[in-house]
Amino acid sequence: MLKSQDLSSHLMTDFLIIGAGFAGLVAAERLASAGWRCVVVDRRSHLGGNAHDRIDPAGVLVHKYGPHYFRSNSQRVVDYLSRFTGWHEVAYTIKSFTDGRYWSFPINLNTFEEFLGRPSTPEEFTRWLEEHRVPVESPRNSEEVIISQVGRGLYQKFFEGYTIKQWRRHPRELDASVCGRIPIRTNRDDRYLTESFQALPAAGYTAMFENLLAASPRIELHLGVDFEEAKARWNHKHLIYTGEIDAFYGRRFGPLPYRSLRFEHESFTAEELIPRQAISGKPGYWQPAMQVNYPDADVPFTRIVEIKHATGQNVDATTIVREFPKDWKPGEEPYYPVPAPDAKAAYQKYAALAAEEKHTSFIGRLATYRYYNMDQVTAMALTEADRLLALHGTP
Ligand code: FAD
Ligand code: UDP
């Protein structure tokens, strides 16, 4: 891998790739392995896009842009990434905090027992759900998908307030897939996610991407360089763009809606954590789970993440991160495309332009305006690299 110092001498490349997140780096690695020269630029000063992690001043490995729980049902994706990292298996478990107490979450038999204040059984919980759920044949939005499974009471307790805070939209205005991705179970399985493979890169995402680059001598990386500058600097055969699609087209049909976030990091020494032990249940931790969700409307943040629970890092201090959702304006970080019918319709205008491009590929979460996880973005980049290699062959 070549680094930013080599800037002036490389003005020609085969593939110019905008964005050093999962989409850009995976595509670059595949193309470079086939012999093509790739220049990857990112306007940020680091690798990994939103999955970037780093050791903070307290010595804790933190996910800079919110928690990134790797999970996948795709053996191809897991095998591919395993070339660049070992894995630390994690049973991602979280809690919800409302009515002044912690609840087992996502909703499962333990939650039901906490709600009843006595032991119960899967059969009793199933009967209770049958009595309380609101029959909806095919749920069309995020309210219907939850009330059709658990009824209005549990929906209002755990989902409505959280969703309105997160998206500043009512669950009725969001695709069913938004809240529908949270499992509801009548057994005691309280894992947050459903995928068969659930693990974090053993040394972190940034280390994984550094290994990917180290294995790719034909990738040139330039951090702190944006698209306009890169376009002017490198002639290229093909462009791979992983930024916001509306920005690519100068937002000519108006900006697409995105949701942004403000992250508030707070670190604690081992000594400061002593009084928290009654709550966290173990020394060296601030809260009882990796993530605690706060669905109440009067709490301004949606969740507090203490990633040390998941990384298993052996360090005395800890860091917690509070997430405050906020409106997005051009120039700010567009963390989430908005998974709603009106936003998708607005995206279609840009998608139609993109479909006409012969020498540009649009991949990743922002360029395809999809609420995609890291493994889905990896799969998309692998598929696009295969397509490009079929088209262009090898040099
Ligand atoms: P990004 O990671 O956004 O990378 C795109 C890169 O392009 C960025 O670094 C950006 O700076 C750069 N770029 C954009 N425009 C330009 C430009 N004009 N010039 C130069 N550079 C540019 N996924 C999971 O699987 N599990 C999770 O638990 C999870 N949690 C998440 C939590 C949060 C808060 C967020 C926001 C996302 C989460 N995700 C999670 C999704 C995950 O972040 C994405 O799937 C993945 O990072 C997408 O990779 P990408 O390369 O498409 O985009
Ligand atoms: N959600 C909720 N209550 C919760 C957790 C999630 O209402 O306690 C809803 C909310 O709309 C959220 C969506 O489910 O945006 C998906 O949650 P997830 O934790 O997967 O979101 P992400 O990690 O992508 O922000």
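Data for the structure
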quantity: Residues of the stretch 348-374 classified as farther than 15 Å from Phe15 by Cβ and surrounded by fewer than 21 Cβ atoms within 10 Å (Cβ to Cβ), total; calculated: 13
quantity: Some residue of the stretch 274-290 being under 23 Å from Glu160 (Cβ atoms), without any contact (Cβ under 8 Å) to a residue 60 or more places away in the chain and either surrounded by fewer than 20 Cβ atoms within 10 Å (Cβ to Cβ) or within 18 Å of the chain's Cα centre (by Cα) (or both); calculated: no
quantity: Test: Arg168 is touching a residue at least 24 places away in the same chain (Cβ under 8 Å) and within 16 Å of ligand 2 (Cβ to nearest atom); calculated: yes
quantity: Residue selected from the stretch 302-327 under the condition open to solvent by less than 30 Å² (accessible area, probe 1.4 Å) and hydrophobic (A, V, I, L, M, F, W, C), by the criterion farthest from ligand 2 (Cβ to nearest atom); calculated: Ala317
quantity: Qualifying residues in the stretch 62-77 (those that are within 16 Å of ligand 2 (Cβ to nearest atom) and open to solvent by 40 Å² or more (accessible area, probe 1.4 Å)) - the one nearest to Arg181 (Cα to Cα); calculated: Asn73
quantity: Meets criteria (within 20 Å of Asp375 (Cα to Cα), hydroxyl-bearing (Ser, Thr, Tyr) and buried (at least 21 other Cβ atoms within 10 Å of the Cβ)) for Tyr205; calculated: yes
quantity: Some residue of the stretch 66-76 being within 13 Å of ligand 1 (Cβ to nearest atom), among the hydroxyl-bearing types (Ser, Thr, Tyr), touching a residue at least 24 places away in the same chain (Cβ under 8 Å) and outside any strand (DSSP E or B); calculated: yes
quantity: Qualifying positions in the stretch 85-110 - more than 15 Å from ligand 1 (Cβ to nearest atom), in a loop (DSSP other than H, G, I, E, B) and surrounded by 19 or more Cβ atoms within 10 Å (Cβ to Cβ); calculated: Ile107, Asn108
quantity: Residue selected from the stretch 177-202 under the condition away from ligand 2 (no atom under 11 Å from the Cβ) and of a type in the set (A, V, I, L, M), by the criterion surrounded by the fewest Cβ atoms within 10 Å (Cβ to Cβ); calculated: Ala202
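Let's see how each residue does on (1) open to solvent by 10 Å² or more (accessible area, probe 1.4 Å); (2) over 26 Å from Leu261 (Cβ atoms); (3) polar (S, T, N, Q):
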site	(1), (2), (3)
Asp79	yes, yes, no
Ser82	yes, yes, yes
Val136	yes, yes, no
Gly151	no, yes, no
Tyr155	no, no, no
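The values are calculated or read from the model by the stated rules, or taken from the named source; none is laboratory data. For clarity, every value in this text was computed on a predicted model and none was experimentally measured. Cβ atoms come from the backbone with ideal geometry, glycine included; neighbour counts cover every protein chain shown. Protein only, heavy atoms only, side chains kept; ligands, DNA and RNA dropped before computing areas. Shrake-Rupley method; radii C 1.70, N 1.55, O 1.52, S 1.80 Å.
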